[in-house]
Amino acid sequence: MRIPKPMCKTRINVFCALLLSFAYSSRCLAADAAPAIDTGDTAWMLTSTALVLMMTIPGLALFYAGMVRKKNVLATLMQSFALCCIISIVWMVAGYSLAFTTGSPWIGGFGRMFLNGIGANIHNGADVGFTLGADSSNATTMTIPESIFMMFQMTFAIITPALISGAYAERMKFSAMCVFSIIWSLIVYAPIAHWVWSPIGWLGGLGTADFAGGTVVHINAGVAGLVCALMLGRRKGYGQDDLSPFNLTYAVIGASLLWVGWFGFNAGSAVGANGRAGMAMAATQIAAAGAGVSWMLVEWLRSGKPTVLGVISGAVGGLVAITPAAGFVLPGSALIIGLITGVVCYWGATSLKHMMGYDDSLDAFGVHGVGGIVGALLTGLFAYGPLSATDSNPSGITGSVHQLVVQTEAVLVTIVWCAVVSFIILKVVDLVIGLRVTPDEELEGLDMSLHGERIND
């Protein structure tokens with residue numbers, strides 16, 4: 001029997017419609033398989049990444065440069081700027097892969113070496129989110145492109161070795177600094193970042209609370225700085241000559257940029273534009289203010305005058321201490337953390353340094369090491385559960401004796417790993433190329449002796 005032409009066309013049209021429907025459904029299912037991008041989260045994380053980068057250049061660069069002598073200002077600026085360039089490449093080549101691919105609880109794998117495969121999350125010209133710790137029992141779904149997460153974490157990897165430079169300012173060879181920082185980033189920073197922040201990291205698995213880098217960034221940098229200061233020895237004329245800052249105006253500008261950039265550092269660590277980010281921002285402001293006031297007051301009582309260097313150092317100490325706690329504590333607790341930290345960091349940058357006799361040039365350990373330890377421990381006492389509650393952990397991380405013990409374990413592990421491995425790296429670098437400039441180069445100043453440049457009068 002012959003089918004009439006109109007009926008034939010109808011069947012063909014129905015068949016085509018079914019095919020198109022199937023193709024569309026398949027495409028939708030494929031899209032649903034990957035987490036969707038949230039444009040608000042993405043915009044905030046782009047902003048946060050830029051803010052954290054600003055913390056190193058120009059923030060930290062100016063902060064440190066303002067506190068050295070005139071003959072070393074350009075060399076100090078050079079350290080932060082050069083490290084920004086160097087560590088960006090190190091992170092792209094291997095650092096990100098070692099820190100954040102699944103691997104083992106101890107170290108990541110090689111799946112993202114040279115950022116291989118990072119474009120796999122782009123489908124039909126549009127980004128989709130990615131899963132951190134894919135194929136693990138603790139996988140975390142992200143609502144931002146992996147490229148932005150990688151860049152955000154890159155800025156943390158950049159500032160950490162730059163912070164160390166404050167301890168060896170005015171006396172370390174530029175070549176030694178470059179070699180040390182590259183190796184240190186790969187075998188000290190990347191493993192600790194993996195232990196704490198990877199979904200399968202072993203310290204994170206123990207319940208360590210480190211919202212934005214108390215252990216990973218500040219204790220890590222402070223302890224490495226202390227080891228550097230001890231191995232390099234004191235600057236020539238330490239305790240005898242005038243080693244006062246060249247230009248505290250630079251330091252104030254740098255500290256101010258650090259403070260503003262820290263909102264990206266802490267609120268950005270919520271990895272989204274949400275209530276937790278807002279609370280982290282509030283905690284950051286309040287803790288910095290509290291520490292600035294408490295340092296200023298204790299200095300005023302002891303010496304009779306509050307100093308500019310003191311108040312900016314106190315505020316930075318408060319920013320350091322609230323870093324691990326920012327997404328875990330309420331504003332009242334943030335104020336307590338800041339007030340305590342200002343006093344303790346003042347002691348660390350003055351009394352402790354003089355008691356132990358080391359020359360931590362710009363107080364990398366006194367502010368970042370001591371502040372990071374205080375903040376990490378106080379997080380264990382003041383953590384407010386609902387801020388970190390999830391479906392899998394409805395009570396969240398709550399301040400308790402148990403949590404304080406967990407925080408203490410993480411602090412001790414970070415100190416021991418960083419101190420031992422930093423010492424080994426420095427020893428090897430010293431044997432191969434030497435760590436310290438010659439006495440004549442130090443006397444002339446690193447600007448001219450290492451870079452052939454100087455600030456004109």
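General remarks:
- Table column - 3J(HN,Hα) (Hz), the range 63-68, Karplus curve with 6.51, -1.76, 1.60, x for Gly and Pro: 4, 6, 4, x, 9, 9
- Computed over all pairs of different Cα atoms, the Kirkwood value for the hydrodynamic radius of the range 266-351 is 12.6 Å.
- Order of H218, H354, H194 - criterion: other Cβ atoms within 10 Å of each residue's Cβ, fewest first: H354, H194, H218
- Between the helical axis of 370-382 and the longest alpha-carbon principal axis of the chain there is an angle of about 50 degrees.
- For the range 43-446, averaging the sequence separation of C-alpha pairs within contact (under 8 Å, six or more residues apart) and dividing by the residue count gives a relative contact order of 22 percent.
- Cα gyration tensor shape of the range 229-274, rounded if a/c is under 1.5, else prolate or oblate by comparing a/b with b/c: oblate
- q = 0.14 Å⁻¹, the range 321-457: log10 I(q)/I(0) [Debye, one scatterer per Cα]: -0.83
- P(r) histogram, all alpha-carbon pairs of the range 43-446 included - 10 Å bins from 0, percent: 5, 24, 35, 24, 9, 2, 0
- Packing-based ranking, highest mean first, of 443-450, 382-389, 432-439 given that Cβ atoms within 10 Å are counted: 443-450, 382-389, 432-439
- Among residues other than N274 with Cβ under 15 Å from its Cβ, the summed charge is -1 (Lys and Arg +1, Asp and Glu -1).
- Where only DSSP H runs of four or more residues are counted, the chain gives -19000 deg cm²/dmol as its mean residue ellipticity at 222 nm, each run worth -39500 (n - 2.57).
- In degrees, nearest ten, helix 331-347 long axis to first principal axis of the chain (Cα): 30 degrees
Read-outs throughout are calculated quantities, based only on the coordinates presented, and are distinct from any laboratory measurement. Since the structure is predicted, the reported quantities are computational estimates derived from the model, not experimental observations. Positions of Cβ are generated from backbone atoms using ideal geometry, with glycine treated the same way; all protein chains shown enter the neighbour counts.
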